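Rule-based calculations on the coordinates, nothing more; no lab input. This is a predicted model, so every value here is computed, not measured. Cβ sites come from the backbone with ideal geometry, for glycine too, and all protein chains shown count toward neighbours.
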There are 2 protein chains.
Amino acid sequence: MEAASPDAASSLALPQPYLLFLGDVTEENYAKTAFGLADWAPELCVGEWSLGETGVSTGLPRLSAAQAASAGAKSLLIGVANLGGVLPESWQAALVDAMEAGLDIVSGLHVRLGDVPALAETARKTGRKLIDIRVPPAEIPVGNGRKRTGKRLLTVGTDCALGKKYTALAIHRAFQRKGIAADFRATGQTGIMIAGGGIPMDAVVSDFESGAAEMLSPDNTAAHWDVIEGQGSLFNPSYAAVSLGLLHGSQPDVFIVCHDPTRKKIIGLDGFALPSIAEVIDLTVQLGRLTNPDIRCAGVSLNTSRLSFDEAQALFASEAASLGLPVADPVRGGAPFETLVNNCLK
Amino acid sequence: MEAASPDAASSLALPQPYLLFLGDVTEENYAKTAFGLADWAPELCVGEWSLGETGVSTGLPRLSAAQAASAGAKSLLIGVANLGGVLPESWQAALVDAMEAGLDIVSGLHVRLGDVPALAETARKTGRKLIDIRVPPAEIPVGNGRKRTGKRLLTVGTDCALGKKYTALAIHRAFQRKGIAADFRATGQTGIMIAGGGIPMDAVVSDFESGAAEMLSPDNTAAHWDVIEGQGSLFNPSYAAVSLGLLHGSQPDVFIVCHDPTRKKIIGLDGFALPSIAEVIDLTVQLGRLTNPDIRCAGVSLNTSRLSFDEAQALFASEAASLGLPVADPVRGGAPFETLVNNCLK
């Protein structure tokens, strides 16, 4: 995984490689940031550290902060997203140790690291940096809708949390394997940690939402692709504003709809049925035309992790027939995914 | 004008009356805050001040800061909303003068007054206050889309800056004249300055945009109306995210489309044609149905300030015939506006 190029706007230039910190969580679900890093950017991770025997491991070597620093780590990355985004007091000693061993701290928690007195004090004494991923760049312009040079792909979804980041990462890799110049443009905390840059779109003030998306994928050479990680859903009453600003500012030439075939309701909101894939395609084209009249859907990415191989292949075929578009699961890869990738480039 | 009720989330106690500051803008459109105050709350304004002969005036007496202070002014109110909400360096001397003359500074710009070193320094020396209207409440929840009790009206537009606030204020007054329980819910700086409460929707972090709109118009008695000031436009590539979050969170029963018949392009963005009124109606119904399946358009508010009386009346009639909806200019009032108000209540 290449880091995003320096023009990726975000003032973030994360100190890599990382030591992944798993805290004291005893369930993998809460450490999805660490697992995302270990899966998508293992070359950026020298090892992992947790507080005692928690039973949760990414499979990377277990290293203390001092061992990690000796192995070349530049920062300790908090790979845990616990409820409320707070920083438990029980973690503080480990983070102080890490700074004293020479590591910066990288966090995607809601709480600002500098607001934790013990960390602020240690940072001052050691000169180490406290880096909050959730802080957008300071100088975001208002969006202007100007057509930029280069090609753009955006992943959108029938809902949140069903594969938009994974799909964008997989398409970015597939483009690179084909020798196509491409950048993965990260819009959420895990994506930013993987890419080493990006903009946390959900933390941007709404007046600047489309402007932030414009900043994230600047003018480029004509054949270059920005593969942009989507956020939220136009049909989610909590987050549609984020999705629309990202769509308008990204002005994608091509989009991929991400969907979980086992999900029937919008996550966390039982009163809202999930939209159909066709509805998402239609609305994305309708609204996306404002800033790119040539926008088109190039395919559908299904999260088939709960289906068998045969069930998944049957679903790809039936959905492809009904939608008239390539349908694949990037995690399963194979011919369906190759077809989808090729259709993006048509 | 009655202040919004205390449940309107943001509680401000602004130092009044104001001296309206017009900066160096040479177009009325950019001074809409000053004009809104002069039109809707003249009793709160002792005069105006601008940097030289700009050709823009609200008609209030021209007073220096010292003259305004003698006349009883308590604050200088920045009546200008320039692109991006920055504070031009050329304004600083006038604001420093005002503080030295004894006035606080009230601003709705994106930039925080206290972040401008010359102003922070003068505030410290003189003891005057720097008041930023654009600071949203601290604890905004994520939107949940739950249907709330009471009735809601939202003004929407074919663009920014063409009458959404005026229309909401006029409809609120008309409702009150009919003895209907109603609150004006302010969403922008001028509205908040007039109402004394509200939420600056464009300053809310996008993840919380619909949640802020839900907070702004809470559950109420069945016959009560919240008349909500619209923001931006679903067709404006700079601000559509704000408009969509406000639409979803407001879950309006009724909306009014505001339009300026002389405007052909989206303001500040020459590459974008203005949408038609019919397009705005269709898209608002389509997207608004997510949180209120019964949403309907009750009429069209035209800004006919550049037309003669006869031209305006002819336009009301022709647009009403073509759209099948009441069409009026609230500033002109009369039978067309009465028809529009009655149609909201049907």
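Just a few scattered comments:
- Dipole size of the protein assembly as shown about its Cα centre, with +1 on Lys/Arg Cβ and -1 on Asp/Glu Cβ: approximately 460 debye, rounded to the nearest 20.
- Environment charge of A:L234, counting only residues whose C-beta is closer than 13 Å and scoring Lys/Arg +1, Asp/Glu -1: -1
- Position B:P42, label points 7 Å along Cα→Cβ, spacing to each other copy in nm (shortest first, one decimal): 7.6
- Spherically averaged projected area of the protein assembly as shown from its Cα convex hull (nm²): 31.8 nm²
- Both the radius of gyration and Dmax for region A:18-132 are 12.7, 35 Å, in that order, over alpha-carbon atoms.
- The simple spin-label model puts a point 7 Å past each Cα toward its Cβ; for A:D219 and A:A314 those points are separated by 5.3 nm.
- Alpha-carbon Debye profile of chain A, log10 I(q)/I(0) at 0.06, 0.08, 0.13 Å⁻¹: -0.21, -0.38, -1.00
- For region B:271-326, the average shadow cast by the Cα convex hull is 5.1 nm², which is a quarter of the hull's surface.
- Note on chain B: GNM, Cα springs under 10 Å; of B:G84, B:G72, B:G36, the largest mean-square fluctuation is that of B:G84.
- Relative contact order for region A:142-197: 20 percent, from Cα pairs under 8 Å spaced at least 6 residues apart, divided by residue count.
- Simple Cβ-charge dipole of region B:151-345, Lys/Arg +1 and Asp/Glu -1, about Cα centre, in debye nearest 20: 360 debye
- Peptides A:313-319, A:115-121 ordered by average Cβ neighbours within 10 Å, highest first: A:313-319, A:115-121
- Violating pairs (Cα-Cα greater than 18 angstrom) within the set B:K151/B:K178; B:K165/B:K265; A:K32/A:K165; A:K165/A:K264; B:K178/B:K346: B:K165/B:K265; A:K165/A:K264
- Contact order relative to length of region B:65-146, as percent, for alpha carbon pairs under 8 angstrom and 6 or more apart: 29 percent
- Value at 222 nm in deg cm²/dmol, rounded to 500, when DSSP H runs of n ≥ 4 in chain B each add -39,500 (n - 2.57): -9500 deg cm²/dmol
- Semi-axes of the equivalent ellipsoid of region A:156-219 are 21, 15, 11 Å, computed as sqrt(5λ) over the eigenvalues of the C-alpha gyration tensor in descending order.
- Charging the Cβ of each Asp and Glu at -1 and of each Lys and Arg at +1, and nothing else, the dipole of region A:87-242 about its Cα centre rounds to 720 debye.
- Straight-distance crosslink candidates among lysines, where the alpha carbon sits under 20 Å from A:K125 and sequence neighbours closer than 8 are dropped: A:K74
- Charge tally for B:E338 (other residues, Cβ to Cβ under 11 Å; Lys, Arg +1; Asp, Glu -1): +2.
- Counting Lys and Arg as +1 and Asp and Glu as -1 over every other residue whose Cβ lies under 13 Å from the Cβ of B:V111, the net charge comes to -3.
- Most mobile of B:V111, B:V242, B:V80 in a GNM of chain B (Cα contacts under 10 Å): B:V111
- Rounded D (µm²/s) - region A:151-345, Kirkwood Rh over Cα pairs, Stokes-Einstein at 25 °C, 0.890 mPa s: 149 µm²/s
- Only one residue of B:V257, B:H110, B:Q189 has its Cα farthest out toward the positive end of the dipole of chain B, where Lys and Arg carry +1 and Asp and Glu -1 on Cβ, and that residue is B:V257.
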